[in-house]
Amino acid sequence: MTMLEAELIVAAVQMEPLFGQTEENVAKSIEKIEKAAKQGARVVVLPELCNTGYMFQSRSEAFELAEPVPSGATSQLWIETASRLGIYLVAGITERDGSKLFNSAIITGPDGYMGTYRKLHLWGDEALYFHPGDLGIPVFDTPLGRLACHICYDCWFPEVWRLQAMQGAELICVPTNWVPIPGQDPAREAMANIVVMGAAHCNSVFVVAANRTGMEREQPFIGQSLIVSQTGWPVAGPASVSEEETLIACINLAEARRKRNWNDFNQPLRDRRTDIYDEMLGSGLSRHWI
């Protein structure tokens with residue numbers, strides 16, 4: 001049995017960062033990563049901007065809290081933790097690159113730093129502080145399978161999901177800071193959950209989405225982290241609206257490919273009408289085997 005055919009334990013860490021308290025936030029995140037690893041997790045996902053908090057009031061405030069990736073103190077601690085525990089970690093971080101700021105995620109594993117994903121689609125006041133992501137839509141090869149990343153608002157863009165799936169991604173890791181959506185019926189599941197479930201279903205990918213909780217500078221966050229199978233149905237969560245918790249699920253990434261056919265006739269990636277629209281959406285990215 002190859003690694004891709006083996007069962008894989010993944011974790012979504014739902015936590016409440018405290019604004020501006022980077023050392024405390026990172027220390028808390030490492031405690032939660034260690035607990036997830038003790039439960040067998042090989043892939044752990046943390047929320048968006050979980051080292052600094054989210055609600056910046058000025059660009060200078062964001063710049064002061066930001067760090068370079070991967071040379072900054074936060075990155076180095078997370079890199080050491082992933083290496084020590086033998087896991088893959090995807091964690092949201094406030095990144096400084098020269099004079100530019102990015103809402104980013106670091107991807108690191110047992111052998112060290114693997115890469116950075118920079119949020120492509122900025123939400124609300126983020127546009128006042130951050131540059132839109134400029135590293136494209138990378139997919140990372142690992143012995144466990146092919147991993148990719150979204151950050152929060154990126155989930156609302158089907159092009160990103162499709163381009164990751166077409167590059168062979170089996171697992172999408174989503175650091176996020178979901179907030180209340182206008183018109184949301186409190187008796188129903190969060191719209192963010194519906195978006196993630198639909199995208200997993202349409203692209204035959206697994207998703208680990210880690211949201212934060214709590215209130216920060218009068219902005220509430222809605223929790224409800226979840227882990228979704230390639231069918232679109234949750235295999236863990238949604239988590240609490242308000243409490244910190246870690247979701248754990250056992251998945252098999254091979255099913256993202258093996259069970260992609262919905263019936264004798266239909267398979268969502270194969271059935272695309274590439275005579276009508278460009279297979280890779282004009283991106284110039286290379287198609288992987290799907």
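The values are calculated or read from the model by the stated rules, or taken from the named source; none is laboratory data. Just so it is clear, the model here is predicted, and its values are computed rather than measured. As a convention, Cβ positions derive from the backbone with ideal geometry for all residues, glycine included, and neighbour counts pool all protein chains shown. Surface areas here come from the heavy atoms of the whole protein model, side chains and all, with no ligands, DNA or RNA. Shrake-Rupley method; radii C 1.70, N 1.55, O 1.52, S 1.80 Å.
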Of (1) open to solvent by less than 60 Å² (accessible area, probe 1.4 Å); (2) under 17 Å from the mean Cα position of the chain (by Cα), Met166 satisfies every one except (2)
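Go through Thr274, Thr246, Thr231 for me and flag whichever is touching a helix residue (DSSP H, G or I) at 6+ places or on another chain (Cβ under 8 Å), among the β-branched types (Val, Ile, Thr) and assigned to a loop (DSSP other than H, G, I, E, B). Walk me through it before giving the result.
Values: Thr274 fails: touching a helix residue (DSSP H, G or I) at 6+ places or on another chain (Cβ under 8 Å); Thr246 fails: assigned to a loop (DSSP other than H, G, I, E, B).
Every option except Thr231 fails the conditions.
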What pairs come out if I take residues in region 270-290 that are at positive phi and pair them with residues that are small (Gly, Ala, Ser) and modelled with pLDDT of 75 or more whose C-beta lies under 7 Å away, six or more apart or interchain?
none
Residue hits (region 172-210; within 14 Å of His288 (Cβ to Cβ) and in contact with a Ser or Thr (Cβ under 9 Å, 6 or more places away or on another chain)) are Ser204
From the option list Glu64, Glu31, single residue qualifying as part of a helix (DSSP H, G or I), open to solvent by 10 Å² or more (accessible area, probe 1.4 Å) and within 27 Å of Ile248 (Cβ to Cβ) is Glu31
Determine which member of the set Thr94, Thr108, Thr52, Thr74 is part of a strand (DSSP E or B), among the hydroxyl-bearing types (Ser, Thr, Tyr), under 26 Å from Gly223 (Cα atoms) and touching a residue at least 40 places away in the same chain (Cβ under 8 Å).
Thr94
Does Arg287 meet the test of being in contact with a helix residue (DSSP H, G or I) (Cβ under 9 Å, 6 or more places away or on another chain) and at pLDDT below 75?
yes
Which of the numbered conditions does Phe19 fail, given that it passes all the others? Conditions: (1) outside any helix (DSSP H, G or I); (2) hydrophobic (A, V, I, L, M, F, W, C); (3) open to solvent by 40 Å² or more (accessible area, probe 1.4 Å); (4) under 18 Å from Lys119 (Cα atoms).
(4)
